[in-house]
Amino acid sequence: MSEFESHGKIEYSSTTNFTSNDILYMLKDLPDACCIFKVLTDPFGTVKDMLFLFANERYAQLVKRSSAELIGSTYFDTVTNRDEDWIKYSYQAAILRQSTILRTYNSDYDKWFEFWAVPVYQKGFCAFIIHDVTAAKRDEDDKILKRNSNNLVIECAKELSSAEFGKGIKKVLKILGTSIEADRVLIVETQDNDIKAIHEWVSGSAHSKLPTKKDIENNDFISLWRGQLKNKDIVVVNDTYTLKERNEEFYDKFLAGNVYRFIIAAVKDKKNILGYLVVDNFANDVPLNVTDVIESAAVFISYELRNRALTTEMMYLGSHDPLTGLGNRYSLNQTLVLLSGMSVNVGVCYVDINGLKEINDEKGHEAGDELIKKVASVFGSIFRKKFCYRIGGDEFIAIIPEIDKVKFNDMVGKLRNKKIEAAIGAVWTKNSSEINKAIKQADEAMYDDKMIYYKNHERRHGKI
């Protein structure tokens, strides 16, 4: 190749003549597989075969032949792991003079190739250039999987946060189950290793006899899951037959022929196990990173479980007296609003602790608190805690709806027989719309009982 100086730059002459050997040498050093064909046609112009005019070493390695064997031979005579579509693409390139770019998977090499079929020289001739794009394809697939997985997780998180817990959980389980083509997805809530609740979605096309909720509740599935997880957040069991050796009876009864693969993810609040997210018989060929999706879902489900627990606790504290656990005035008012709009039987029992001030003054407020808790405990055990309210420092009231008069009076009698240090007033009415009137009457009856206490108290202390 000749060189000359022009305007202070080194340039190459565009008129240099190259021999055919020079060009073939360039093609030999291509980083990709390359071959050049002359197409062989029948009298009607249909391509029947291709004659190798050139094949570099990279192409020869792909078809497991030497370049010498290929050149001068035909495609069908020499290439065994051939792609039949090459005849079609050679016709388009050599005869129609149209280029084709195609990406295909080769199972022999477990690789993705991108090949170009391009026209060369003149009509009847074409070249194929083959580039290994496996790494790029896998990177693209990984990005697609990641994008699909992220979108699915976001969709689930939105559904869970935008609906009531129960409805949100149902939607999320359905979205997860249909997306990963599972037979079932369930959340098992636990408390101290005991099952607290089970939320379940089952595919309408599930054919296997899956373990029922009762099976899960009455058998030691929790131990199986804990044993699989150990200290991990998620475990994928791709073949449940591997569990047979550990517990053959359990495998034969619940898994064999029914659950062939499953995923378990721990639903945790820091180190505390709130439950388990379990997926039965999911598909392995969905365009998702199933493990990442389930692990992420377990995380935001744990947030919702924790938030629900906090909300429940806050609602409880907002409607209950912290010392006794009975309802507070807010809770009582909510009940009264409901009952005043109804017409049902209702019993009202009013209680006021006797001598609380003296106990606080003489023994301290801790002793006073103990007396309050004692009276509240007795009160709640007779009338049931959910119907009982603490409405003042030493005052309690029970509102029992839909109770007949005889049964209510029996309960009041039991309370009096407990001989608690308290004044008691009770009223029963058949019309709860007059609940406020009944409360006033019970209060007055309690006041009369209190007066008896004061008279007896003063008599004992010589004040009369």
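The values are calculated or read from the model by the stated rules, or taken from the named source; none is laboratory data. These figures come from a predicted structure and were not determined experimentally. Here Cβ is always computed from backbone atoms with ideal geometry, including for glycine, and neighbour counts include all displayed protein chains.
Looking at this structure, is residue 368 assigned to a helix (DSSP H, G or I) and not acidic (Asp, Glu)?
On the way: assigned to a helix (DSSP H, G or I): yes; not acidic (Asp, Glu): yes.
Answer is yes for this residue.
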Mind checking which residues of the stretch 246-283 are closer than 20 Å to residue 208 by Cα and within 17 Å of the chain's Cα centre (by Cα)? 262, 263, 264, 277, 278, 279, 280, 281, 282, 283
Residue list for the stretch 75-127, filter: within 17 Å of residue 137 (Cα to Cα) and either of a type outside the set (D, E, K, R) or in contact (Cβ under 8 Å) with a residue 40 or more places away in the chain (or both): 101, 102, 104, 105, 106, 107, 109, 112, 113, 115, 116
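For residue 265, indicate whether it is under 24 Å from residue 201 (Cα atoms), in the same structural domain as residue 165 (by TED's automatic domain parsing), without any contact (Cβ under 8 Å) to a residue 60 or more places away in the chain and surrounded by 19 or more Cβ atoms within 10 Å (Cβ to Cβ). Talk me through it step by step, then tell me what you get.
Details: under 24 Å from residue 201 (Cα atoms): yes; in the same structural domain as residue 165 (by TED's automatic domain parsing): yes; without any contact (Cβ under 8 Å) to a residue 60 or more places away in the chain: yes; surrounded by 19 or more Cβ atoms within 10 Å (Cβ to Cβ): yes.
Against the criterion (under 24 Å from residue 201 (Cα atoms), in the same structural domain as residue 165 (by TED's automatic domain parsing), without any contact (Cβ under 8 Å) to a residue 60 or more places away in the chain and surrounded by 19 or more Cβ atoms within 10 Å (Cβ to Cβ)), residue 265 qualifies.
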Expected single match for on the phi > 0 side of the Ramachandran plot and either outside the structural domain of residue 380 (by TED's automatic domain parsing) or at pLDDT 90 or above (or both) among 325, 347 is 325
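Could you tell me which residue of the stretch 182-215 is nearest to residue 289 (Cα to Cα), considering only residues that are touching a Ser or Thr at 6+ places or on another chain (Cβ under 8 Å) and surrounded by 14 or more Cβ atoms within 10 Å (Cβ to Cβ)? Explain how you work it out, then say what you get.
First, pick out the residues of the stretch 182-215 that are touching a Ser or Thr at 6+ places or on another chain (Cβ under 8 Å): 182-184, 196, 203.
Now restrict to residues that are surrounded by 14 or more Cβ atoms within 10 Å (Cβ to Cβ): 182-184, 203.
Details: 182: 14, 183: 18, 184: 18, 203: 20 Å.
For the stretch 182-215, the residue satisfying everything is 182.
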Test result for residue 114, surrounded by 12 or more Cβ atoms within 10 Å (Cβ to Cβ), acidic (Asp, Glu) and under 30 Å from residue 172 (Cα atoms): no
Determine whether the stretch 282-304 contains at least one residue that is in contact with a helix residue (DSSP H, G or I) (Cβ under 9 Å, 6 or more places away or on another chain), surrounded by 12 or more Cβ atoms within 10 Å (Cβ to Cβ) and among the hydroxyl-bearing types (Ser, Thr, Tyr). yes
Answer yes if at least one residue in the stretch 199-219 is of a type outside the set (S, T, N, Q), closer than 14 Å to residue 267 by Cα and modelled with pLDDT of 90 or more, and no otherwise. yes
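Specify the residue that is farthest from residue 289 (Cα to Cα); the eligible residues are those in the stretch 245-277 that are among the hydrophobic types (A, V, I, L, M, F, W, C) and assigned to a loop (DSSP other than H, G, I, E, B). Walk me through it before giving the result.
Start the filter on the stretch 245-277 by keeping residues that are among the hydrophobic types (A, V, I, L, M, F, W, C), which leaves 250, 254-256, 259, 262-267, 273-274, 277.
Imposing the further condition that a residue be assigned to a loop (DSSP other than H, G, I, E, B) reduces the set to 256, 259.
Values: 256: 26, 259: 21 Å.
Among residues in the stretch 245-277 that are among the hydrophobic types (A, V, I, L, M, F, W, C) and assigned to a loop (DSSP other than H, G, I, E, B), the one farthest from residue 289 (Cα to Cα) is 256.
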Condition first: within 16 Å of residue 281 (Cβ to Cβ), touching an Asp or Glu at 6+ places or on another chain (Cβ under 9 Å) and free of Cβ contacts under 8 Å to residues at least 40 places away in the same chain. Now tell me which residues in the stretch 182-235 satisfy that. 202, 203, 205, 207, 221
Determine which single condition residue 257 fails, assuming it passes every other condition in (1) crowded, with 20+ Cβ neighbours inside 10 Å; (2) among the small types (Gly, Ala, Ser); (3) outside the structural domain of residue 416 (by TED's automatic domain parsing). (1)
Of all residues in the stretch 79-99, count the ones that are surrounded by 17 or more Cβ atoms within 10 Å (Cβ to Cβ) and over 15 Å from residue 40 (Cα atoms). 1
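Go through 397, 359 for me and flag whichever is touching a strand residue (DSSP E or B) at 6+ places or on another chain (Cβ under 6 Å), within 21 Å of residue 453 (Cα to Cα) and of a type in the set (A, V, I, L, M, F, W, C). Steps first, answer last, please.
Numbers: 359 fails: touching a strand residue (DSSP E or B) at 6+ places or on another chain (Cβ under 6 Å).
Just a single option satisfies the conditions, and that option is 397.
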Kindly provide the set of residues from the stretch 269-281 that are surrounded by fewer than 17 Cβ atoms within 10 Å (Cβ to Cβ) and within 18 Å of residue 225 (Cβ to Cβ), ordered by number. 269, 271, 272
Of residues in the stretch 184-230 being part of a helix (DSSP H, G or I) and among the aliphatic types (A, V, I, L, M), the one nearest to residue 296 (Cα to Cα): 229
Set 449, 394: member being farther than 23 Å from residue 333 by Cα and in contact (Cβ under 8 Å) with a residue 12 or more places away in the chain: 449
Out of 307, 354, sole residue that is at pLDDT below 90 and either surrounded by fewer than 16 Cβ atoms within 10 Å (Cβ to Cβ) or out of contact with any Pro (no Cβ under 7 Å at 6 or more places or on another chain) (or both): 307
Test each condition in (1) surrounded by 16 or more Cβ atoms within 10 Å (Cβ to Cβ); (2) touching a Ser or Thr at 6+ places or on another chain (Cβ under 8 Å) for residue 178 and report the one that comes out false. (1)
For the stretch 290-307, state whether one or more residues are within 30 Å of residue 186 (Cα to Cα) and touching a Lys or Arg at 6+ places or on another chain (Cβ under 6 Å). yes
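Give the residue that is surrounded by the fewest Cβ atoms within 10 Å (Cβ to Cβ), with candidates limited to residues of the stretch 316-350 that are assigned to a helix (DSSP H, G or I), touching a residue at least 40 places away in the same chain (Cβ under 8 Å) and aliphatic (A, V, I, L, M).
Kept after step one, since they are assigned to a helix (DSSP H, G or I), are these residues of the stretch 316-350: 316-319, 329-340.
Imposing the further condition that a residue be touching a residue at least 40 places away in the same chain (Cβ under 8 Å) reduces the set to 329, 331-332, 335-336, 339-340.
Subset that is aliphatic (A, V, I, L, M): 332, 336, 339.
Details: 332: 19, 336: 15, 339: 20.
So, considering only residues that are assigned to a helix (DSSP H, G or I), touching a residue at least 40 places away in the same chain (Cβ under 8 Å) and aliphatic (A, V, I, L, M), the one surrounded by the fewest Cβ atoms within 10 Å (Cβ to Cβ) is 336.
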Would a scan of the stretch 24-43 turn up a residue that is part of a loop (DSSP other than H, G, I, E, B), assigned by TED's automatic domain parsing to the domain that holds residue 128 and in contact with a His (Cβ under 7 Å, 6 or more places away or on another chain)? yes
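If a residue counts only when it is more than 51 Å from the chain's Cα centre (by Cα), which strands (runs of 3 or more DSSP E) contained entirely in the stretch 57-159 have at least 3 such residues?
Values: elements: 100-106, 111-119, 125-132.
By residue number, 125-132.
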